[in-house]
Amino acid sequence: MAFGVDVLNLEWTSFLSRDRQMASLVCNYLRFQGYSVVEDTIFNGYELIKKYKPKVLFMTNAIGSTINYEICKYAGENGISVVTLISEGNFRENEIVGFLWGWNSDQKLYETYNLQWTVRTKEMTLKYYPSLNNQIKVSGGVGFDVYKIQKSISKEDLLKNYGKDKFTRVIGIGCWDFGPFYPEDPRYKEITQNLTPDEVAYMRLDGKKFNEILEEIIPYNQDILFLLKEHPGCIIGKKGSAIENLEQYSNVLILKHEESIFNCMTISDFWITYESTTAMEAWLMDKKTCLLNPQGGDFKRDSIYLGSPIISTTGGLQNTIDLFYETEQIAGFEERKEIRKKLIEETIQCDDGLNHVRAGNEIIELVNNFSQHGKQKNLPINKNVIISYVGWHFSSILRHIGLFKGYYLHRKSFSYDELKLNQNILNDSQLSFYSKNGLSQMQLKKYKCF
């Protein structure tokens, strides 16, 4: 079998979603080191694997959807080395099965290496699955590298794109996804099967109160732009994001896929969220944060919440806004400085901006040792291969059939021009970052996974 590219990367989006951003950081680094790389859509994944015959298949996520899992399994079972990252890598021990396996019902690791965020999560994984010792490594949280690398966008330029450039004050709000707690959300059954009715009711009420507090605060502060960044995974719209009726206000800008979370944080004076790793991302950008938890925050959650003060009322939030614009401080934030430092290490391991390099070097080692691998098998045609081919190439004709609707939507939204533009933007930032820190190709190769 003649082999094509060194590395094939397959993802869902061409815009800078968190997964695409992670993927392009790693892929740009591999190109910088002289390797051939193709980034493309996972929805045509089987055909692309056959076309490019990669030495390594690289994906940021093998468990977040059935198509990711099935393509990872297809490649792994047919002799292709597969390296995956973790999209949501802040594992909780009581939910280790969901974090590690997701849609992988086989509970078998088909990839050569699964690169996790921290030594903590690796140890947690091996505690329950010791047989995975040779497949689990730690790269650090790759997606967080952008906060050390990417160049900041101008606040004025971004707001001008949306007709909001009259505002000089911007408060960023990272929306949580309350959608799974409503029956109309397709994730409802799965998410709520391990929750009591009281816990479900608690989350719904918190979402409604979150919405109500913002509906009181926003019209009271007409000189401040409230930038509401919806969770990219939210399915049921503004109800799921707890921001219903807020688009009516002239001092509101609601964004979902239009801008990266990095850009949204860059132009924000400080960051408010309900529950999200975006709080930690804000810390990496030296932004202050607070949490808006109307019922006090007594629910199952990641430890990241410990790094931010919690606000529960309209009055409390207004006092926070007033104090910040008077003193640039948030009450209770500075006191948590050491807690945040510890949380960053526990959550992403390294905040040096080089986690993508550690991941890339693991892939490089597999490519360089390719001749030592067993030969790839002839890639078989099965049901999934046929569905993928038909779905990608004929979805415009078959888009009204449920099975192919998703293919149609993804083909319609996937832009190779957009992908190339975003690759180049990140690449310019990466090259500047390497140069600024005196990191040559040889020096970068010294950074290894744990």
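It is to be established whether one or more residues within region 326-333 are modelled with pLDDT of 95 or more and part of a helix (DSSP H, G or I). Checked against the condition, which is being modelled with pLDDT of 95 or more and part of a helix (DSSP H, G or I), region 326-333 yields at least one hit. When region 33-51 is filtered for residues that are crowded, with 19+ Cβ neighbours inside 10 Å, hydroxyl-bearing (S, T, Y) and closer than 24 Å to L426 by Cα, the ones remaining, listed by number, are Y35, T41.
If the requirement is being surrounded by fewer than 16 Cβ atoms within 10 Å (Cβ to Cβ), among the hydrophobic types (A, V, I, L, M, F, W, C) and under 19 Å from F450 (Cβ atoms), which of these qualifies: L132, L115, L100? Spell out how you get there, then give the answer.
On the way: L115 fails: surrounded by fewer than 16 Cβ atoms within 10 Å (Cβ to Cβ); L100 fails: surrounded by fewer than 16 Cβ atoms within 10 Å (Cβ to Cβ).
Exactly one residue qualifies, and that residue is L132.
Checking each residue in region 108-142 for being within 23 Å of K342 (Cα to Cα) and polar (S, T, N, Q) picks out Q116, T118, T121, T125, S139.
Looking only at region 404-423, which residues are exposed (fewer than 13 other Cβ atoms within 10 Å of the Cβ) and either among the β-branched types (V, I, T) or modelled with pLDDT under 95 (or both)? If you could, list the steps in order and put the result at the bottom.
If we filter region 404-423 for residues that are exposed (fewer than 13 other Cβ atoms within 10 Å of the Cβ), which is where we start, we get 412, 416-417, 420.
Answer for region 404-423, where residues must be exposed (fewer than 13 other Cβ atoms within 10 Å of the Cβ) and either among the β-branched types (V, I, T) or modelled with pLDDT under 95 (or both): just K412.
If the condition is being crowded, with 17+ Cβ neighbours inside 10 Å and among the aromatic types (F, W, Y), then region 135-170 contributes F144, Y147, F167.
When each of F226, F210 is tested for being in a helix (DSSP H, G or I), crowded, with 21+ Cβ neighbours inside 10 Å and touching a residue at least 40 places away in the same chain (Cβ under 8 Å), the lone residue that passes is F210.
Pick out the one residue from K127, K189, K160, K108 that is part of a helix (DSSP H, G or I) and in the same structural domain as V83 (by TED's automatic domain parsing). Spell out the reasoning first.
Values: K189 fails: in the same structural domain as V83 (by TED's automatic domain parsing); K160 fails: in the same structural domain as V83 (by TED's automatic domain parsing); K108 fails: part of a helix (DSSP H, G or I).
Matching residue, one of K127, K189, K160, K108: K127.
One residue stands out among those in region 229-278 that are under 11 Å from C175 (Cα atoms) and of a type in the set (F, W, Y): the one that is surrounded by the most Cβ atoms within 10 Å (Cβ to Cβ), which is W271. Taken together, the residues in region 87-132 that are out of contact with any strand residue (DSSP E or B) (no Cβ under 6 Å at 6 or more places or on another chain), more than 19 Å from Y69 (Cα to Cα) and of a type in the set (A, V, I, L, M) amount to 2. Residue check: E334 meets all listed conditions (1) within 21 Å of I173 (Cα to Cα); (2) under 25 Å from the mean Cα position of the chain (by Cα) but one, namely (2).
Residue pairs whose Cβ atoms lie under 6 Å apart, sitting 6 or more positions apart in sequence or on different chains, and linking a residue in region 242-254 that is modelled with pLDDT under 95 to a partner that is part of a loop (DSSP other than H, G, I, E, B), do not occur here.
Taking each residue of region 408-421 that is touching a residue at least 12 places away in the same chain (Cβ under 8 Å) and at negative phi and looking for partners that are among the basic types (K, R) and assigned to a loop (DSSP other than H, G, I, E, B) with beta-carbon atoms closer than 7 Å, six or more apart or interchain, yields Y408/R399. For region 384-404, check the following and say yes or no: at least one residue is more than 20 Å from K55 (Cα to Cα) and in contact with a Ser or Thr (Cβ under 7 Å, 6 or more places away or on another chain). Checked against the condition, which is being more than 20 Å from K55 (Cα to Cα) and in contact with a Ser or Thr (Cβ under 7 Å, 6 or more places away or on another chain), region 384-404 yields at least one hit.
Within region 91-138, how many residues are of a type in the set (S, T, Y), closer than 25 Å to N194 by Cα and either touching an Asp or Glu at 6+ places or on another chain (Cβ under 7 Å) or at pLDDT 95 or above (or both)?
We begin by selecting, within region 91-138, every residue of a type in the set (S, T, Y); these are 105, 110, 112-113, 118, 121, 125, 128-129, 131.
Imposing the further condition that a residue be closer than 25 Å to N194 by Cα reduces the set to 105, 121, 125, 128-129.
From what's left, either touching an Asp or Glu at 6+ places or on another chain (Cβ under 7 Å) or at pLDDT 95 or above (or both): 121, 125, 128-129.
Here the count works out to 4.
Scanning region 302-325 for residues that are at pLDDT 95 or above and in a loop (DSSP other than H, G, I, E, B) yields S308, P309, S312, T313.
The values are calculated or read from the model by the stated rules, or taken from the named source; none is laboratory data. Note that the structure is a prediction, hence the values are computed from the model and not measured. Positions of Cβ are backbone-derived with ideal geometry, glycine not excepted, and every protein chain shown enters the neighbour counts.
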